[in-house]
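Just passing along the structure, written as structure tokens.
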Amino acid sequence: MRIASSLCWLFILLQLTSHIASAQMTNQRTESYVVPDLLISQRNRKINTVKKWEKIRRPELLSLFQNEVYGKVPGNLTLSDTIVWERDDQALNGTAIRKQIGLFLRKNEQEIYVELLMFLPKNTSNFPLFLGYNFMGNHTISYDPNIRISESWVADNPAMGIIHNQLTEQSRGKRENRWPIQQIIDAGCGIATMYYGDIDPDRPNFSDGVHPLFYKNNETEPAHDEWGSISAWAWGLSKAMDYLQSDKDINPSKVIVFGHSRLGKTALWAAATDLRFAAAISNDSGCGGAALSRRRMGETVAKINSSFPHWFCQNFKKYNNRENTLPVDQHMLLALIAPRPLYVASATEDLWADPEGEFLAAALASPAYQLYGLSGLAAHQMPQENTPVFGNVSYHIRKGKHDITSYDWEQYIHFAKEIIK
Ligand code: GTR
């Protein structure tokens with residue numbers, strides 16, 4: 001095993017140092033893989049200019065991910081209404097502005113309702129704003145008693161104060177450890193979040209959330225190339241962006257979309273599909289996020305599609321145990337974010353998310369950045385733990401488990417302030 005692993009790593013180094021865009025190696029299961037070449041089009045054209053990337057390759061890759069992986073959004077829907085429920089200039093002991101905004105989406109005589117919570121720094125206007133979903137309701141990110149409680153469906157979790165699929169007062173602040181709001185505000189950044197279940201409850205059922213708003217005739221689920229939940233959540237981030245463009249308290253050209261785990265996959269797809277996001281951060285996003293699918297390390301396509309049959313489009317199931325037949329791999333998803341800054345982060349004990357696969361995808365996305373005269377990821381080998389590599393493509397591997405911690409946030413704040421102009 002050890003020898004196989006070192007051989008594999010040697011191979012990776014050779015690949016990266018010689019700037020070969022495809023990787024071929026033997027992994028621990030002694031299977032080999034070749035990732036599709038980022039810069040060769042489906043008609044075999046060499047993509048060596050920004051113009052060819054933007055006219056040919058980028059649209060081609062985007063539509064492959066839409067049709068085969070995440071699923072396309074089956075129509076248009078602009079925000080039907082927004083209500084600013086409150087604005088408090090004395091939040092967090094007078095250090096921040098808190099805003100809570102209701103976003104209404106109506107179509108097909110149906111409505112969904114999403115609540116956006118923001119904490120913004122005071123006396124400054126041109127600050128970076130992190131936008132990302134939370135897993136269990138806005139009021140779980142802080143003990144602030146003024147944060148409204150979502151009424152959307154949520155998976156039961158008695159330890160978190162969630163019973164009968166309803167959020168309660170007992171869950172307030174329960175995820176504060178993942179949301180160092182004061183640290184973010186003190187650094188002069190803002191944060192905006194929504195509960196992902198407001199857009200689409202995370203269960204294998206397409207009769208709730210946003211999907212039914214788009215059904216035609218007697219449809220009860222999306223077509224095989226139409227959106228699963230990740231695509232719906234990503235679309236929800238774009239709807240939040242629609243609102244943010246009208247909010248005078250923020251600069252919409254400095255919105256960084258971020259997310260942890262399944263919500264990291266979501267953030268990457270949101271940034272790929274919506275060029276208004278200035279940058280993207282993927283924290284431990286793993287399979288279907290930043291990790292290369294063809295490595296089949298940790299969570300595989302078959303495993304994710306069986307545990308979470310609603311996350312991707314139905315077409316993605318064709319690739320269960322057949323990753324080599326995928327027309328894309330996840331380095332191409334990352335490349336769709338170029339030339340905007342991208343941060344990929346892993347954790348040493350998070351083997352399910354395949355840290356090496358996340359690192360390699362970031363490295364293999366770099367040729368798209370290089371077309372724009374940017375360096376991409378400035379590391380040819382996996383850095384040591386807790387040793388971030390900053391640049392237009394940034395990367396770190398934190399010591400520890402699958403989580404988002406204040407260590408991760410320190411790096412994201414640095415990225416927001418130093419890399420995003
Ligand atoms: C896991 C799943 C991962 C990751 C994670 C999370 O169960 O296998 O793909 O998304 O959940 O979102 O916490």
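Positive end of the charge dipole of the chain (Lys, Arg +1 and Asp, Glu -1 on Cβ, about the Cα centre): tell me which of Thr95, Tyr372, Ala159 has its Cα farthest that way.
Tyr372
Amide H of Ser394: which non-local residues (sequence gap of 5 or more, or other chain) have their own amide H closer than 5 Å, using H built in the peptide plane?
So Ser394 has HN proximity to Leu342, Tyr343, Val344.
Taking the Cα centre of the chain as origin, work out the dipole magnitude from +1 charges on Lys and Arg Cβ and -1 charges on Asp and Glu Cβ, in debye rounded to 20.
The dipole of the chain has a size of about 1340 debye.
Please report the equivalent ellipsoid semi-axes of the chain, computed as sqrt(5 x eigenvalue) of the Cα gyration tensor, largest first, in whole Å. Could the numbers behind the result be given before it?
Details: eigenvalues 219, 121, 88 Å².
Semi-axis lengths for the chain are 33, 25, 21 Å.
Is segment 350-421 rounded, prolate or oblate when judged by the Cα gyration tensor, a ≥ b ≥ c being the square roots of its eigenvalues, rounded requiring a/c under 1.5 and prolate requiring a/b larger than b/c?
On the way: a/c = 2.31, a/b = 1.28, b/c = 1.81.
Oblate is the answer for segment 350-421, as a/c is 1.5 or above yet b/c matches or exceeds a/b.
When the accessible area of the chain is computed with all protein chains present and a 1.4 Å probe, what percentage of it is carbon and sulfur?
Roughly 50 percent of what the probe reaches on the chain is carbon or sulfur.
In whole Å, what three semi-axes, largest first, describe the equivalent ellipsoid of segment 283-337 built from its Cα gyration tensor (square root of 5 times each eigenvalue)?
Working through the eigenvalues yields semi-axes of 16, 13, 11 Å.
Give the relative contact order (percent, whole number) for the chain; include only Cα pairs under 8 Å separated by 6+ residues. Please list the in-between numbers first.
Working: 932 pairs, mean separation 64.0, N = 421.
Relative contact order for the chain comes out at 15 percent.
Run the numbers for Ser63 and Asn386: contour at 0.36 nm per residue of separation, minus the present Cα-Cα distance, in nm.
Extra length available between Ser63 and Asn386 comes to 112.7 nm.
Also: For segment 276-362, with every protein chain kept in place, what is the accessible area per residue (1.4 Å probe, Å²)?
Here the residues of segment 276-362 average 23 Å² of exposed surface.
For the chain, what is the calculated [θ] at 222 nm in deg cm²/dmol (nearest 500), taking -39500 (n - 2.57) for each run of four or more DSSP H residues and dividing by its residue count?
-7000 deg cm²/dmol
Sticking with this one: What is the set of long-range amide H partners of Leu131 at a cut-off below 5 Å, with H atoms built 1.01 Å from backbone N?
For Leu131, the qualifying residues are Ala192, Ile256, Val257, Phe258.
Please give the charge dipole size of segment 183-266, origin at the Cα centre, charges +1 on K and R Cβ atoms and -1 on D and E Cβ atoms. Round to the nearest 20 debye.
Dipole magnitude for segment 183-266 comes out near 220 debye.
I need the shape label for segment 309-364. Rule: rounded when a/c is under 1.5, else prolate if a/b > b/c, else oblate, with a, b, c from the alpha carbon gyration tensor.
Oblate.
State which entries of Lys99/Lys254; Lys265/Lys303; Lys239/Lys318; Lys51/Lys265; Lys239/Lys421; Lys52/Lys417 exceed 22 angstrom in Cα-Cα distance in the structure shown.
Table pairs above 22 Å Cα-Cα are Lys239/Lys318; Lys51/Lys265; Lys239/Lys421; Lys52/Lys417.
Still on this structure, please answer the following. Once you place label points 7 Å from the Cα toward the Cβ at Ser306 and Ser125, how far apart are they in nm?
According to this spin-label approximation, the distance is 5.6 nm.
In addition: Accessible area per residue for segment 82-147 in Å², computed with a 1.4 Å probe and the full protein assembly in place, what is it?
Here the residues of segment 82-147 average 40 Å² of exposed surface.
Next question. Explain nothing, just compute: Karplus ³J(HN,Hα) = 6.51 cos²θ - 1.76 cosθ + 1.60, θ = phi - 60°, for every residue of segment 121-127 in order, whole Hz, x for Gly and Pro.
x, 8, 6, 8, 10, 9, 8
Using 7 Å Cα-to-Cβ label points, what is the Asn146/Lys216 separation (nm, one decimal)?
Those two pseudo-labels are separated by 4.6 nm.
The values are calculated or read from the model by the stated rules, or taken from the named source; none is laboratory data. Note that the structure is a prediction, hence the values are computed from the model and not measured. Every residue, glycine among them, receives a Cβ derived from its backbone with ideal geometry; neighbour counts consider all protein chains shown. Please note that ligands, DNA and RNA were not included when accessible areas were found on the heavy atoms of the full protein model with its side chains. Shrake-Rupley method; radii C 1.70, N 1.55, O 1.52, S 1.80 Å.
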